[in-house]
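Participant: My questions all concern the structure below.
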Amino acid sequence: MVIPLVLERVYVIHLFIMSGIYSIIVLGVLLQFKLGLWNLGAAAFWGIGAYSSALLVRELGLSFWLSLPLAALIAGACALCLGSFFIRAGRVSFLLLTMVLNGVFVEIVGHWELVGGWEGIPRLPKPSIHVSFNGSVMEFVTKTPYYYLLLFLLLMTVVAFYALYSSRIGRTWSAIGLNSPLAAMLGVNLFRYKLIAFIIAAASAGMGGSFYAHYQGFLVPRMFDMHESFYFMLYGVVGGLAYPIAGAIVGSFIGVAIPELLRVGEMFQAIFFGIILILVILFARGGVAGLLGQVYPIIIKGSKGVIFPFFRELKS
Amino acid sequence: MVVLEIRNLSKYFGGLAAIESLDLNVVDSEILGVVGPNGAGKSTLFNVICGFLRPSKGKVLFKGEDISKLDTHEIARRGVGRTFQQTSLFMMSTVFENVLTGFHMNYRVGFWKTFLHTTAARKEEQIARQKSQEVLDFIGLGSQKDVIAQKLPYGNRKICGLATALAANPELLLMDEPMAGMNYAEIATMVKVIGELRARGLTIILVEHNMYAVRNLCDRIVVLNYGRKLAEGVPEEVLRNKEVIEVYIGRG
């Protein structure tokens, strides 16, 4: 929180902001993964949120503060429609369908003049806050206000996910992930719980997308390409599948940090990431969050009730 | 009073008839044994009753209602419970959490109230936790409540699995080889427990290979072979039936 005051290095703030945006999306990815929903199309909902927000602001003249929640709702509504079909398919079919969704989304947006086709939407207005009592306007000029807004959004999302995971809903999700036939025989409506997770993940991605659009100031279809979806899953795995909240954040930070620390070109970045992924799978099933948790027990303590039961042993 | 009625049930997997023209009735508060060699269709029968599979032909009626086309959770909500053969537990959860999940159907509070952890939601959670503790104390696993299920010895796992299924308060319980892998002492205990359940009004369908248990518990048994009903009746008679013996031990 203190960071923008201490570090004037705008670029570092940018990295934090991007990590935060990714965290919001990866939170949803890990949630779905826990239920056996292998979603490789999260970037599509990210994009739906971003483009919806941009259109609402440009065509309907809404303020960003309204378009953000609306974008989340729109992304959630899309998930509701698609989910009814996607989720009833098997695991692999779901995976393929989400990939197809991602590809189709990019194609549609690329060929749609309203959103500028492949050139996208160039100049999105920056968010501003109208301070009513003296009529002045605060504009988001530097990166700093974006940082604080993102921090707020991320915090809000984390709290929401924590509330879910520590409730009966979270326990039911765990049950589905551990033994779904048994859960079904105990009266759990598998479809409904999976759909809820799918919608929540889509809505958070959509919210992240709206923020992303107005932060970047422009939108291009390629930003939501399928490989972004792969990266989200990757960040989740590296962060730690066992820790649905801490893992999402840790994984996203690593995911953004690595290309920066290794500025030797994309190919080498990919190799390094691959190596880290293999190391995680072989030695640290709990991911980096798990490793950190052994050093800073607060992560584990704070995750109490939120740990994926798959990796319980790591807790002790 | 007939609790479960299976009418002319057939289940085909491609060309293979896993179950063929099966008729079966289960009466209130009885223990019906389903026996037969491996591959006879016993597990398939359970899977069809529970809704994991749809009948190819015929119907399943529970308390007079056709449940053939219902989803598993809807069938469970109507009062059908099941213990699974090896995997009747949430392995990576604690004993307490296992039993707690059994009370899932008791919750009335909706999504938003649960998410917001309202007083009503917390109250229901509290009640469920209390009941779970009572169940655990009753069956004697109270001291193990925070042990992860995977770390339990085999016998205790079975007990925990049964407790979880019972937490859901079923009227009809399908038990899939509950004695498998048990020693004599454990079998004797389980026989007592199941008898006790029947005394409390639970109707049970028991798939079991252990003949001691079958003889001592079942009011009637049905013998399946290659998906067909081979014999039905009181255990003493059925187990003396020549065909039944042949099926188990072979000819010659």
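Participant: Would you mind telling me which numbered condition in (1) closer than 23 Å to A:Ser84 by Cβ; (2) within 13 Å of chain B (Cβ to nearest Cβ) A:Ser166 fails?
Facilitator: With (1) closer than 23 Å to A:Ser84 by Cβ; (2) within 13 Å of chain B (Cβ to nearest Cβ) applied to A:Ser166, the lone miss is (1).
Participant: Closer than 15 Å to A:Phe232 by Cβ and touching a residue at least 60 places away in the same chain (Cβ under 8 Å): which single residue out of A:Ile13, A:Ile25 fits that description? Before you say what the answer is, go through the steps one by one.
Facilitator: Values: A:Ile13 fails: closer than 15 Å to A:Phe232 by Cβ.
After ruling out the rest, the residue left standing is A:Ile25.
Participant: Look through region A:265-305, keep the residues that are β-branched (Val, Ile, Thr) and modelled with pLDDT of 65 or more, and return whichever of them is nearest to A:Ser166 (Cα to Cα).
Facilitator: First, pick out the residues of region A:265-305 that are β-branched (Val, Ile, Thr): A:271, A:275-276, A:278, A:280-281, A:288, A:295, A:298-300.
Right, trim to modelled with pLDDT of 65 or more and you get A:271, A:275-276, A:278, A:280-281, A:288, A:295.
Values: A:Ile271: 37, A:Ile275: 34, A:Ile276: 30, A:Ile278: 31, A:Val280: 26, A:Ile281: 27, A:Val288: 22, A:Val295: 24 Å.
By that ranking, first place goes to A:Val288.
Participant: On to the next question. For region B:18-28, give me each residue that is surrounded by fewer than 17 Cβ atoms within 10 Å (Cβ to Cβ) and not β-branched (Val, Ile, Thr).
Facilitator: As a first pass, look at region B:18-28 and keep what is surrounded by fewer than 17 Cβ atoms within 10 Å (Cβ to Cβ): B:21, B:23, B:25, B:27-28.
B:Ser21, B:Asp23, B:Asn25, B:Asp28 - these are the residues of region B:18-28 that are surrounded by fewer than 17 Cβ atoms within 10 Å (Cβ to Cβ) and not β-branched (Val, Ile, Thr).
Participant: Condition first: surrounded by fewer than 22 Cβ atoms within 10 Å (Cβ to Cβ) and outside any helix (DSSP H, G or I). Now tell me which residues in region A:143-174 satisfy that.
Facilitator: Hit for region A:143-174 is A:Ser166, nothing else.
Participant: Something else now. Is one or more of the residues making up region A:226-243 buried (at least 24 other Cβ atoms within 10 Å of the Cβ), hydrophobic (A, V, I, L, M, F, W, C) and within 12 Å of the chain's Cα centre (by Cα)?
Facilitator: yes
Participant: Name the residue, out of B:Phe96, B:Phe52, B:Phe111, B:Phe84, that is within 18 Å of B:Gly227 (Cβ to Cβ) and surrounded by fewer than 22 Cβ atoms within 10 Å (Cβ to Cβ). First the steps, then the outcome.
Facilitator: On the way: B:Phe96 fails: within 18 Å of B:Gly227 (Cβ to Cβ); B:Phe111 fails: within 18 Å of B:Gly227 (Cβ to Cβ); B:Phe84 fails: within 18 Å of B:Gly227 (Cβ to Cβ).
So the residue among B:Phe96, B:Phe52, B:Phe111, B:Phe84 that is within 18 Å of B:Gly227 (Cβ to Cβ) and surrounded by fewer than 22 Cβ atoms within 10 Å (Cβ to Cβ) is B:Phe52.
Participant: Among the residues of region B:27-48, count how many are touching a helix residue (DSSP H, G or I) at 6+ places or on another chain (Cβ under 9 Å) and of a type in the set (Ser, Thr, Tyr).
Facilitator: Here the count works out to 1.
Participant: Suppose we filter A:Phe140, A:Phe86 for residues that are touching a Ser or Thr at 6+ places or on another chain (Cβ under 9 Å), farther than 30 Å from A:His14 by Cα and either surrounded by 12 or more Cβ atoms within 10 Å (Cβ to Cβ) or touching a residue at least 12 places away in the same chain (Cβ under 8 Å) (or both); which single one remains?
Facilitator: Values: A:Phe140 fails: farther than 30 Å from A:His14 by Cα.
Going through A:Phe140, A:Phe86 in turn, just one is touching a Ser or Thr at 6+ places or on another chain (Cβ under 9 Å), farther than 30 Å from A:His14 by Cα and either surrounded by 12 or more Cβ atoms within 10 Å (Cβ to Cβ) or touching a residue at least 12 places away in the same chain (Cβ under 8 Å) (or both): A:Phe86.
Participant: With respect to B:Pro178, is the statement that it is in a loop (DSSP other than H, G, I, E, B), within 13 Å of chain A (Cβ to nearest Cβ) and within 26 Å of B:Ala128 (Cβ to Cβ) true? Lay out the reasoning, then the answer.
Facilitator: Working: in a loop (DSSP other than H, G, I, E, B): yes; within 13 Å of chain A (Cβ to nearest Cβ): no; within 26 Å of B:Ala128 (Cβ to Cβ): yes.
Against the criterion (in a loop (DSSP other than H, G, I, E, B), within 13 Å of chain A (Cβ to nearest Cβ) and within 26 Å of B:Ala128 (Cβ to Cβ)), B:Pro178 does not qualify.
Participant: Continuing with this model, one more query. Condition (residue is more than 8 Å from every other protein chain (Cβ to nearest Cβ), within 28 Å of B:Glu177 (Cβ to Cβ) and surrounded by 22 or more Cβ atoms within 10 Å (Cβ to Cβ)) applied to region B:63-74: is it met by at least one residue?
Facilitator: No, region B:63-74 contains no residue that is more than 8 Å from every other protein chain (Cβ to nearest Cβ), within 28 Å of B:Glu177 (Cβ to Cβ) and surrounded by 22 or more Cβ atoms within 10 Å (Cβ to Cβ).
Matching residues to (1) away from chain A (no Cβ under 11 Å); (2) buried (at least 21 other Cβ atoms within 10 Å of the Cβ); (3) outside any helix (DSSP H, G or I):
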site: B:Phe90; (1), (2), (3): no, yes, yes
site: B:Gly102; (1), (2), (3): no, yes, no
site: B:Gln126; (1), (2), (3): yes, no, no
site: B:Gln130; (1), (2), (3): yes, no, no
site: B:Gln133; (1), (2), (3): yes, no, no
site: B:Leu136; (1), (2), (3): yes, yes, no
site: B:Ser143; (1), (2), (3): yes, no, no
site: B:Gly155; (1), (2), (3): yes, no, no
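Participant: So B:Phe52 ticks every box in (1) more than 13 Å from chain A (Cβ to nearest Cβ); (2) in a loop (DSSP other than H, G, I, E, B) but one. Which box is left unticked?
Facilitator: Of (1) more than 13 Å from chain A (Cβ to nearest Cβ); (2) in a loop (DSSP other than H, G, I, E, B), only one is false for B:Phe52: (1).
Participant: Quick one: which residue in B:Arg108, B:Arg122 is without any contact (Cβ under 8 Å) to a residue 40 or more places away in the chain, part of a loop (DSSP other than H, G, I, E, B), more than 18 Å from the chain's Cα centre (by Cα) and within 13 Å of chain A (Cβ to nearest Cβ)?
Facilitator: On the way: B:Arg122 fails: part of a loop (DSSP other than H, G, I, E, B).
None of the other options fit; the residue is B:Arg108.
Participant: Can you tell me which residue within region B:75-88, out of those that are of a type in the set (Ser, Thr, Tyr) and facing chain A (nearest Cβ under 7 Å), is farthest from the chain's Cα centre (by Cα)?
Facilitator: Taking region B:75-88 first, the residues of a type in the set (Ser, Thr, Tyr) are B:83, B:87-88.
Within this subset, residues satisfying the condition of being facing chain A (nearest Cβ under 7 Å) are B:87-88.
On the way: B:Thr87: 12, B:Ser88: 10 Å.
Among residues in region B:75-88 that are of a type in the set (Ser, Thr, Tyr) and facing chain A (nearest Cβ under 7 Å), the one farthest from the chain's Cα centre (by Cα) is B:Thr87.
Participant: Can you tell me which of (1) within 14 Å of another protein chain (Cβ to nearest Cβ); (2) without any contact (Cβ under 8 Å) to a residue 40 or more places away in the chain; (3) surrounded by fewer than 21 Cβ atoms within 10 Å (Cβ to Cβ); (4) among the hydroxyl-bearing types (Ser, Thr, Tyr) is the one A:Ser93 doesn't meet?
Facilitator: All conditions are met except number (1).
Participant: Before we move on, is B:Leu224 farther than 30 Å from B:Met105 by Cβ, at pLDDT below 90 and either of a type in the set (A, V, I, L, M, F, W, C) or surrounded by fewer than 14 Cβ atoms within 10 Å (Cβ to Cβ) (or both)? Outline the logic, then answer.
Facilitator: On the way: farther than 30 Å from B:Met105 by Cβ: yes; at pLDDT below 90: no; either of a type in the set (A, V, I, L, M, F, W, C) or surrounded by fewer than 14 Cβ atoms within 10 Å (Cβ to Cβ) (or both): yes.
Criteria not met by B:Leu224.
The values are calculated or read from the model by the stated rules, or taken from the named source; none is laboratory data. Computed from a predicted model, the values in this text were never measured in an experiment. Positions of Cβ are backbone-derived with ideal geometry, glycine not excepted, and every protein chain shown enters the neighbour counts.
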